[in-house]
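The values are calculated or read from the model by the stated rules, or taken from the named source; none is laboratory data. Just so it is clear, the structure is predicted and the values come from calculations on it, not from any experiment. When we count neighbours, we look across all protein chains shown, and the Cβ atoms used for this are built from the backbone with ideal geometry, even at glycine.
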Amino acid sequence: MLCPTETTSTDNRLLSALPAEELDRLRPGLETIRLATGQDLHAPGEPISHIYFPHRGVVSLVSEVPDSRSVEIATVGNEGMVGVAILLGATTMPSRAFCQIPGAASRMAAGTFRTALDVNPVFRALLLRYVLALLNQVAQTAVCNRVHPIEQRCARWLLMTHDQVNRAPRFPLTQSFLSQMLGVRRASVSVAASTLQREGILRYARGIVTIPDRDALEAAACPCYGIIRAEFVRRAPRPRACAGPSAATPPRRGGRAQDRPR
């Protein structure tokens, strides 16, 4: 269910990076809403009605297969947007987008968005740079899911989500959900999470994750985290307002010593 919220469009880094006069042109077409956990933003093959610019929540992009399973191919937080098909001249996506962690977002009707792209080349150029970073995330996630062990993949996923919630002290997560996003059995995620907890890297209780040692979590992750974050940092301009830690802090290349390139 969508409901009004007091956050503003400048809580999204793409919008906050625009020159003030360019953002002012967009404001009449932006509506601030709240995304609920599990809420679909677009479905496979169905026309995309709105573009979303998350402020605080996190959106999962998942690819579905005929046996009803789904695997996450990318996530979108306040560094990005949902609905890139419209930007690229299409009207649908083969993937599903749904709210993973609830929070506020700015949304714009697809028709209004197309008009804004036509009259605002600065806006278009900014979003196209973001798409390059998003495509890198999709490709690197596919590599990660194929070649890295589950513990490292869990750590990479947790780091990315931690970034996208502005490194909040805690955020909601169930092991069932994480296993679905990684495309593995829940028992495998349970073993990986238990290992991280024993090492003091992660605390998990009643569906809430706390990360007490961010540096140790980065060391436990595969190098994919650093590769993905570096590309987002490289492609994204600095916002006019002070950025949160996930934008300002240079990404570390994850992976334990034996997994790092020599």
Completion exercise
If you go through ARG186, ARG206, the only one that is on the phi < 0 side of the Ramachandran plot, free of Cβ contacts under 8 Å to residues at least 40 places away in the same chain and over 20 Å from the mean Cα position of the chain (by Cα) is ARG186
Problem - region 141-165, residues that are surrounded by fewer than 18 Cβ atoms within 10 Å (Cβ to Cβ) and either under 19 Å from GLY207 (Cα atoms) or of a type in the set (A, V, I, L, M, F, W, C) (or both) - result: ALA142, VAL143, VAL147
Fill in the blank from the handout: When region 189-203 is checked residue by residue, the ones that are farther than 22 Å from VAL71 by Cα and touching a residue at least 24 places away in the same chain (Cβ under 8 Å) are THR195, LEU196, ILE201, LEU202
Exercise for the section: Filter region 194-224 down to residues that are within 18 Å of GLN100 (Cβ to Cβ) and β-branched (Val, Ile, Thr), then give me how many there are. Expected result: 4
Problem - Filter pass, VAL58 being crowded, with 20+ Cβ neighbours inside 10 Å, touching a Cys at 6+ places or on another chain (Cβ under 9 Å), among the hydrophobic types (A, V, I, L, M, F, W, C) and under 22 Å from VAL138 (Cα atoms) - result: yes
Completion exercise
All conditions in (1) under 29 Å from ALA104 (Cβ atoms); (2) in contact with a strand residue (DSSP E or B) (Cβ under 9 Å, 6 or more places away or on another chain) are true of ASN166 except (2)
Exercise for the section: Would you check if there is a residue in region 171-181 being polar (S, T, N, Q), touching a residue at least 60 places away in the same chain (Cβ under 8 Å), farther than 20 Å from ALA74 by Cα and surrounded by 15 or more Cβ atoms within 10 Å (Cβ to Cβ)? Expected result: no
Exercise for the section: Quick one: in region 208-220, of everything that is out of contact with any His (no Cβ under 9 Å at 6 or more places or on another chain) and under 15 Å from PRO169 (Cβ atoms), which residue is surrounded by the most Cβ atoms within 10 Å (Cβ to Cβ)? Expected result: ASP213
Practice task
Taking THR161 as meeting all but one of (1) within 30 Å of ARG27 (Cβ to Cβ); (2) among the hydroxyl-bearing types (Ser, Thr, Tyr); (3) more than 21 Å from the chain's Cα centre (by Cα), write down the number of the exception.
Solution key: (3)
Problem - Single residue of GLU6, GLU22, GLU46, GLU64 found to be within 29 Å of GLY183 (Cβ to Cβ), modelled with pLDDT under 95 and of a type in the set (Asp, Glu) - result: GLU64
Problem - Residue ranges of strands (runs of 3 or more DSSP E) in region 25-115 with at least 2 members of a type in the set (Val, Ile, Thr) - result: 31-35, 58-64, 70-76
Practice task
Could you pull out the residue among ALA155, ALA109, ALA192, ALA142 that is closer than 20 Å to ILE227 by Cβ and in contact with an Asp or Glu (Cβ under 9 Å, 6 or more places away or on another chain)?
Solution key: ALA155
